[in-house]
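Trainee: I'd like to ask some things about the structure below.
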Amino acid sequence: MNVPTVPVRIGPLQTVAQVDTGYDDGHRPYSLNINGALFDALQRQRVPLKPRPDIALQLSTCVPGLNETVEAWQLVGRQSVGLQDETGATVPVPARRVTLFVKRTPAAASVCGGIGTWAQPAAQLGASFVARGALVVDPVSQRVWLRP
């Protein structure tokens, strides 16, 4: 599946984030799904995170009857979070709080794909990142324009 990605920065780390307009983060605006590889990289860089088990999720998978537990973490302090433009400059997220949801796809659901199955650090943007802006995807030139 070809899902457009954009560069994103969380603290000292830069990675890619899928632009998933179907990811409704209306209850927790500016949420990012991240995979285990990105979570581990954030831990190695000592990015301060606070566990939020009160908002952890159970998501369905493409395998009938198999759910995925998604851990919730809050970035602590003034961690820089933003999208990177074509020059590499970070465009900050206009939110005081960013919630990270860690996707650790169960092995039995690896056939479903997604960032939870990737070995490299990756994220997924919630729809709130583009809800007040604009998103243009040009599949021919493989370019994405995003105005948060």
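Trainee: Please enumerate the residues belonging to segment 57-83 that are within 19 Å of T15 (Cα to Cα), at pLDDT below 90, surrounded by fewer than 19 Cβ atoms within 10 Å (Cβ to Cβ) and touching a strand residue (DSSP E or B) at 6+ places or on another chain (Cβ under 6 Å).
Mentor: G82, the sole residue that qualifies.
Trainee: Being assigned to a strand (DSSP E or B), open to solvent by 20 Å² or more (accessible area, probe 1.4 Å) and of a type outside the set (V, I, T) is the filter here, so list the residues in segment 84-116 that pass it.
Mentor: If the condition is that a residue be assigned to a strand (DSSP E or B), open to solvent by 20 Å² or more (accessible area, probe 1.4 Å) and of a type outside the set (V, I, T), then Q84, P92, K103 are the ones that fit.
Trainee: Among V8, V3, V47, which is among the hydrophobic types (A, V, I, L, M, F, W, C), part of a loop (DSSP other than H, G, I, E, B) and open to solvent by less than 40 Å² (accessible area, probe 1.4 Å)? Step through it out loud before you land on a result.
Mentor: Values: V8 fails: part of a loop (DSSP other than H, G, I, E, B); V3 fails: open to solvent by less than 40 Å² (accessible area, probe 1.4 Å).
It is V47.
Trainee: Name the residues in segment 130-139 that are under 19 Å from N2 (Cβ atoms) and either free of Cβ contacts under 8 Å to residues at least 12 places away in the same chain or surrounded by 11 or more Cβ atoms within 10 Å (Cβ to Cβ) (or both), would you? Even if it seems obvious, please write down each step before you answer.
Mentor: So in segment 130-139, the residues under 19 Å from N2 (Cβ atoms) come out as 130, 135-139.
Passing the criteria: V130, L135, V136, V137, D138.
Trainee: Still on this structure: Does at least one position in segment 13-23 carry a residue that is in contact with a helix residue (DSSP H, G or I) (Cβ under 6 Å, 6 or more places away or on another chain) and farther than 15 Å from G116 by Cβ?
Mentor: yes
Trainee: Related question: Within segment 66-83, track down each residue that is over 17 Å from F129 (Cβ atoms), aliphatic (A, V, I, L, M) and outside any loop (DSSP other than H, G, I, E, B).
Mentor: V70, A72
The values are calculated or read from the model by the stated rules, or taken from the named source; none is laboratory data. These numbers were taken from a predicted model, which means no experiment stands behind them. Here the Cβ is made from the backbone with ideal geometry for all residues, glycine too, and neighbour counts use every protein chain on show. Quick note on the areas: whole protein, heavy atoms, side chains included, nothing else; ligands and nucleic acids left out. Shrake-Rupley method; radii C 1.70, N 1.55, O 1.52, S 1.80 Å.
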